[in-house]
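K.L.:
Mind having a look at this structure? Questions to follow.
No value in this document is a laboratory result; all are computed from the given coordinates. Since we're looking at a predicted model, the values are computed, not measured. Cβ atoms come from the backbone with ideal geometry, glycine included; neighbour counts cover every protein chain shown.
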Amino acid sequence: MVRLKDIAKKTGYSVNTVSLALRDSSRLSKQTRQQIQAVAKTLNYRPNQIAKSLVSRQSNIIGLIVTDIRNPLLTHVAQAVEKELASKKYGVLFGTSNDDVEIEKQVVEMFRARQVDGILAYPKSQEDMEHLYSLRAEGFPIVSLVKDPLGKIDVVSVDDEVGAMLATEHLINQGHTKIGMVDTLWPMDKKDKYNGYKKAMQKHNLEPMFGWNEDLECHTLARGHNAMDNIMSQDVKPTAIFAIIDNFALGVLRWAEKNNIKIPNDIALIGYDNIEYGEYASVPLSSMNYDVDLVSKLAVARLIELIGAGSNLPEPRTTLIEPQLVIRESSVVTT
């Protein structure tokens, strides 16, 4: 490993002068800085980031936790966050909870041990966020990408309750009164979409209908497929389905194909997140658009603001973005 004293020996300058030049300090002339930097480049010098972080007490690394990397939306979120942080000269340490709160807690501890400057989190459960609250309480910068029902930590997210209401209202406006919601196992960890769906149904005096799935495969298409099996085995059959994520909607679409059910003629279908796969499905999928780039940009900006605040963190702030309805063939019957 090339050290500062190696560059100093090669250039004839002191170690302190070399250090100033590599930091591009204005205390040195431009010619001196360029000369030393050129030698450092020739020697393939790489700064010791660990040593730098010990001096500055800042690692320029952010921890990002998501629940399931197989969910295309969360893969997109990870990519967008990494890109946005890179533009701010930050790197990313990535972790996934695999939809398990205990693993999520372990990832948080790992991030702290690696001395990240802050955390962006997509929590497993809105009902179990005490480990995230405790970080905020001790002055550690953290921003949740899911709404915090208690408002104890900063949030930048899509307004899922409003989004679910809009998706359900769209199906109601198409004339449907028997609208099923496809979700994971009850009790749900994130209730915003459930609440939005239920409010829209109750507004029109309609009875909610649910299709649950009990397997442990997180956000896979199989969960949507199996939950559709569940809802279609009930006495009252739906004529429309709201799936809480597009992966589940794609599983519903596969179930319909296997059972000779025509989408949207027999059953209308709308998903959530507007992933690319949905647009190019055998029946293009209507969905609620999750603006990944905007959420990532605002979340990173807020986290860097919190990091810059030091020990004097401002009051937690919630920023919710209303998702937009994207109508395609799966929810509208054309004549």
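K.L.:
Across the chain, where is the longest run that never hits GluC sites (Glu not before Pro) in a DSSP loop with at most 14 other C-beta atoms within 10 Å?
P.N.:
Result for the longest clean stretch: 1-126.
K.L.:
Something else: Under a 5 Å amide H to amide H cut-off, with H placed in plane at 1.01 Å, what residues pair with ILE321 once short-range neighbours are removed?
P.N.:
Placed amide hydrogens put SER157, VAL158, ASP159 under 5 Å from ILE321.
K.L.:
Just want to confirm a number: the relative contact order over the stretch 4-47, from Cα pairs under 8 angstrom separated by 6+ residues, in percent.
P.N.:
Relative contact order here is 35 percent.
K.L.:
Around ALA281, what is the net charge, scoring Lys/Arg as +1 and Asp/Glu as -1 over all other residues with Cβ under 12 Å from its Cβ?
P.N.:
Once positives and negatives cancel, what remains is -3.
K.L.:
May I ask you to sort HIS176, HIS204 by Cβ crowding, counting other Cβ atoms within 10 Å and putting the fewest first?
P.N.:
By the 10 Å Cβ count, ascending, the order reads HIS204, HIS176.
K.L.:
If I take the Cα coordinates of the stretch 4-47 and project them onto the principal axes, what are the three extents in Å, biggest first?
P.N.:
23, 17, 16
K.L.:
Using the count of nearby Cβ atoms within 10 Å as a rough guide to exposure, how do VAL332, VAL107 rank from fewest to most?
P.N.:
VAL332, VAL107
K.L.:
Right, something else. Could you work out the equivalent-ellipsoid semi-axes for the stretch 60-121, taking the square root of 5 times each eigenvalue of the Cα gyration tensor, largest first, in whole Å?
P.N.:
Calculated on Cα positions only, the semi-axes equal 18, 16, 6 Å.
K.L.:
Here is a further query. Please rank THR96, THR168, fewest neighbouring Cβ atoms within 10 Å first, as an exposure proxy.
P.N.:
THR96, THR168
K.L.:
Cα atoms only: what Rg and Dmax, in Å, come out for the stretch 64-161?
P.N.:
In Å, with Rg to one decimal and Dmax whole: 12.7, 35.
K.L.:
Also: 7 Å from Cα along Cα→Cβ at both VAL2 and GLU127: what's the point-to-point distance in nm?
P.N.:
A separation of 5.7 nm, rounded to one decimal place.
K.L.:
Right, another one. Looking at the chain only, what percent of DSSP beta bridges run antiparallel? Nearest 5 please.
P.N.:
Antiparallel bridges make up about 10 percent of those DSSP assigns within the chain.
K.L.:
Can I ask one more? Are any of the pairs LYS193/LYS262; LYS147/LYS198; LYS10/LYS89; LYS199/LYS258; LYS203/LYS258; LYS147/LYS237 more than 22 Å apart by Cα-Cα distance, and if so, which?
P.N.:
Result: LYS193/LYS262; LYS10/LYS89; LYS199/LYS258; LYS203/LYS258; LYS147/LYS237 exceed 22 Å.
K.L.:
Could you tell me the calculated FRET efficiency between ASN260 and ARG70, based on Cβ-Cβ distance and R0 = 25 angstrom, to the nearest 0.05?
P.N.:
So the FRET efficiency works out to roughly 0.30.
K.L.:
Let me ask you something else. Work through the residues other than LEU20 whose Cβ is under 11 Å from its Cβ and net out their charges, Lys, Arg +1 and Asp, Glu -1.
P.N.:
+2
K.L.:
Could you compute the net charge surrounding GLU257? Neighbours are other residues with a C-beta less than 15 Å from the C-beta of GLU257; K and R count +1, D and E count -1.
P.N.:
0
K.L.:
Length gain on complete extension for the stretch LYS88 to ASN60, per 0.36 nm per residue less the alpha carbon to alpha carbon distance?
P.N.:
Using 0.36 nm per residue and subtracting the Cα-Cα distance, I get 9.1 nm.
K.L.:
Output the relative contact order of the stretch 256-310, whole-number percent, from Cα pairs under 8 angstrom with separation of 6+ residues.
P.N.:
24 percent
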